[in-house]
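The block underneath contains the structure these notes are about, expressed in structure tokens.
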Amino acid sequence: MRAARLHGPRDLRVDDVPAPSAGPGEVLLRPLFTGLCGSDLHMWHGGTGMSAGPLTLGHEFSAEVVEVGPDVDDPRAAAGQLRPGALVSVEPMWTCGHCGPCRAGSYNLCRNMVWHGLSDRAGALAELTVVRPGMVHMLPEGLDAVQGALIEPLAVAHHAVSRCGDIAGGSALVLGAGPVGIAAALDLVARGVERLIVSEPSKVRRAAVTTVLAAVGAGTASVVDPAETDPAELAKELTKGEGVDCVVDAAGVEPAFQAGLSALRPGGTLVTVATYLKPVSLHPLLTMLSELDVRASLGYRGDFPPVVDLMAAGAFPVDGWVRQVPLPDVAGAFELLDAGADIKLLVDVSA
């Protein structure tokens, strides 16, 4: 079968490799569309995690069930739902189930986490891949494979927005309009935020988030270039000097982080979902004087089902920010992402 494997930094090749099979307690899937994200790009740059050989990337994906292996103890299999031909989205975390966070239900914080497609668990940029049945989420009739491949990044954003608390009727600032930033903006709209600001330096990304927000009836949201409009000052202006209730930081750079803190009202919450590769400065007195809540968000836990429901309800339009590329062009797709020429690329694994 074909698989896109990372052999070293910036060395991604579509290879012919042996096909996997479903072992006891496993499900064999045929990936349909697989998204490329910042984590993939980080691996592509560094070629890390490949001590055991080339790495098959791909952790954001929709798939068709090919085979349910022996000894699968899942009520959906017994009910005939988890069956060959079923369309699914995959939660790509192999968790241990016995560490402290897992026992507490915080499986996204598993101390022994292995990520599908970012480790020795061969990922979904391949014609076949194997997962546990608990990682599989059935897609309802009406959702297609393209939408299914977006559930994972949408779940990342959904979890981050959940960390803001109940903000219906309130105000929010999203820093960065990459895929997760766009998803967070849409999620905030779905939760009833009335005053929304999105700050993004890229003209391409500002145009994309403007399009998708208009598609869900949020055309009054303020989409700004931070080089021209200070998002913190705008936040104060739009909230009569108070500041916004919540900031979702999907930018990952210090100027955005500091702007986010400045944009908050007293008692507000900043949630950082960006992957910071360098430390930032934070003066505790600043957060104390306004009792600001600074939180991080990692992955998701229990977020796939509500995101599937929101997708089915039309909360997450695809047009304007998602583009498809065939599997043979995947190496060039990474070059495009690295250059900032695209926002969200889905690889058509069957093409």
Centroid-to-centroid separation of the stretch 281-303 and the stretch 113-172 [C-alpha atoms, Å] | 24 Å
For the chain, calculated [θ]222 nm from helices alone, where every DSSP H run of n ≥ 4 adds -39500 (n - 2.57) | -8000 deg cm²/dmol
Can you give the extra length, in nm with one decimal, that the chain gains between SER202 and HIS7 once fully stretched, where that is 0.36 nm per residue apart less the Cα-Cα distance?
-> 67.1 nm
Mean accessible surface per residue for the chain, computed with a 1.4 Å probe while every protein chain stays in place, in Å² | 42 Å²
Most mobile listed residue (GLY243, GLY219, GLY123) in the chain, GNM with C-alpha springs under 10 Å | GLY219
At q = 0.11, 0.12, 0.22, 0.24 Å⁻¹, what is the base-10 log of I(q)/I(0) for the stretch 232-348 according to the Debye formula with one equal point scatterer per Cα and no solvent? Please give it to two decimals.
-> -0.56, -0.66, -1.19, -1.23
Trypsin sites (Lys or Arg not before Pro) within the stretch 38-119: DSSP coil, no more than 14 neighbouring Cβ in 10 Å = ARG111
Along principal axes, Cα extents of the stretch 164-287, largest first, whole Å | 41, 29, 26
Residues with amide H under 5 Å of VAL174's amide H, sequence separation 5 or more or different chain, H placed in the peptide plane at 1.01 Å from N; which?
-> ILE197, VAL198, SER199, VAL248
Tell me which residues come under 5 Å, amide H to amide H, from ALA296 once H is placed; ignore anything under 5 positions away on its chain.
-> THR272
Check cross-link reach from LYS236 to the lysines: straight Cα distance under 29 Å, and skip same-chain residues fewer than eight apart.
-> LYS203, LYS278
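In square nanometres and to one decimal, what's the mean projected area of the convex hull around the Cα atoms of the chain? Let's see the in-between values first.
Values: hull surface 70.0 nm².
Computed as one quarter of the Cα hull surface, the answer is 17.5 nm².
Taking every pair of alpha-carbon atoms in the stretch 98-205, give the share separated by more than 19 Å as a whole percent. Kindly include the intermediate steps, with their values, before the conclusion.
On the way: 3497 of 5778 pairs.
Tail of the P(r) past 19 Å holds 61 percent of the pairs.
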Tell me, which longest segment in the chain has none of the GluC sites (Glu not before Pro) that fall in DSSP loops with at most 11 further Cβ atoms within 10 Å?
-> 1-140
Binned at 10 Å from 0, what are the whole-percent values of the Cα-Cα distance distribution for the stretch 1-125, short to long?
-> 13, 37, 36, 13, 1
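The values are calculated or read from the model by the stated rules, or taken from the named source; none is laboratory data. This one's a predicted model, so the numbers in the text were calculated from it and none came from an experiment. Glycine gets a Cβ as well: all are built from the backbone with ideal geometry, and neighbour counts include every protein chain shown. Only protein heavy atoms, including side chains, enter the accessible area calculation; ligands, DNA and RNA are left aside. Shrake-Rupley method; radii C 1.70, N 1.55, O 1.52, S 1.80 Å.
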